[in-house]
Amino acid sequence: MKSSLKLVDCIIEVHDARIPLSGRNPLFQETLGLKPHLLVLNKMDLADLTEQQKIMQRLEGEGLKNVIFTNCLKDENVKQIIPMVTELMGSSPRYHRGENLEYCIMVIGVPNVGKSSLINSLRRQHLRKGKAARVGGEPGITRAVMSRIQVSERPLMFLLDTPGVLAPRIESVETGLKLALCGTVLDHLVGEETMADYLLFTLNRHQRFGYVQHYGLGSACDSIDRVLKSVAVKLGKTQKVKVLTGTGDVNVVQPDYPAAARDFLHTFRRGLLGPVMLDLDILRGHPPAETVP
């Protein structure tokens with residue numbers, strides 16, 4: 001990414017709108033220097049944006065004045081990006097590319113926040129063309145800094161897609177869990193049941209009880225074991241387990257907790273439990289969880 005910087009006029013950083021204040025890689029700001037910078041908060045359809053004004057104020061306090069919320073799968077607000085990028089580059093004192101009339105923009109971000117979806121959306125909007133970048137629902141689809149992809153004719157504009165890059169050290173356990181819930185880390189590296197437990201804790205803390213209705217639970221519940229048991233039974237996710245007893249082996253039917261946890265996470269990620277703002281604790285001034293040693 002650093003070696004491609006000299007070709008770049010502007011940087012678009014894509015992040016997940018459900019975690020607008022946490023989980024961004026701090027090395028981007030340090031490493032990629034003083035280029036004009038636009039923050040795109042994608043997946044806005046999955047985020048509870050009731051506190052959008054507060055989010056914008058917090059980001060402005062961090063020096064991020066140029067922010068756009070998007071849903072790249074439905075092309076929402078994507079049309080604002082190229083005019084804003086053009087304006088940023090035009091007013092930047094560092095833009096000295098002589099008579100070169102084409103622009104080159106680098107797209108950066110942590111894994112699985114929608115960088116490739118953004119590129120495809122821009123092409124649909126401005127070139128009436130389809131996919132140029134592979135898209136996947138898990139981190140790690142884009143593996144190398146790609147060749148330039150045209151996204152606009154007037155102005156002539158190219159994007160460089162880059163692989164998702166997480167910070168080498170995630171600042172706290174809670175930030176790590178938020179990133180995992182948003183799919184920026186492969187689930188099995190964190191543990192699906194651990195993530196489901198944190199998700200249940202978050203939904204209850206924010207009084208988001210969509211899961212009760214979705215799974216027909218009767219009432220909200222703090223026990224992840226009870227919730228996963230109900231989910232497993234509802235979905236028919238059970239497994240036979242041999243239990244050794246004094247009189248020999250007995251087959252016992254048990255709920256498949258990992259399968260239930262996976263369903264709970266996928267249901268959340270598809271927005272079926274309602275829009276959620278995972279950074280509500282930060283917006284309301286609650287302290288983050290302990291730092292990872």
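The values are calculated or read from the model by the stated rules, or taken from the named source; none is laboratory data. Keep in mind the model is a prediction, meaning the values are calculated, not measured. For neighbour counting, all protein chains shown are included, and Cβ atoms are generated from backbone atoms with ideal geometry for every residue, glycine included. Note: accessible area is taken over every heavy atom of the protein model, side chains too, but ligands, DNA and RNA are not part of it. Shrake-Rupley method; radii C 1.70, N 1.55, O 1.52, S 1.80 Å.
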### Query
Along its principal axes, what span do the Cα atoms of the stretch 191-284 show, with the longest given first and each in whole Å?
58, 23, 21
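In whole percent, what relative contact order does the chain give with Cα contacts below 8 Å and a gap of six or more residues? Working shown, then result.
Numbers: 483 pairs, mean separation 57.1, N = 293.
Relative contact order of the chain: 19 percent.
For the chain, report the accessible area per residue in Å² (1.4 Å probe, heavy atoms, rounded to an integer).
Details: 14910 Å² over 293 residues.
Averaged over the residues of the chain, the accessible area is 51 Å².
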#### Entry: the chain - share of DSSP beta bridges that are antiparallel (%, nearest 5)
40 percent
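Ignoring any ligand, DNA or RNA, what whole percent of the accessible area of the chain comes from carbon and sulfur when the probe is 1.4 angstrom?
Details: 7610 of 14910 Å².
Solvent-exposed carbon and sulfur of the chain make up 51 percent of the total.
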### Cα centroid separation - the stretch 17-91 against the stretch 152-230, whole Å
20 Å
### Query
Hey, could you pull the Cα Rg and Dmax for the chain, both in Å?
21.8, 87
### Message
Need the list of lysines near Lys54 for cross-linking: C-alpha distance under 27 angstrom, and skip anything on the same chain fewer than eight residues off.
### Response
Lys35, Lys43, Lys65, Lys74, Lys79, Lys115, Lys178
### Query
Within the stretch 186-293, which GluC sites (Glu not before Pro) sit in a loop by DSSP and count at most 13 neighbouring Cβ atoms inside 10 Å?
Glu290
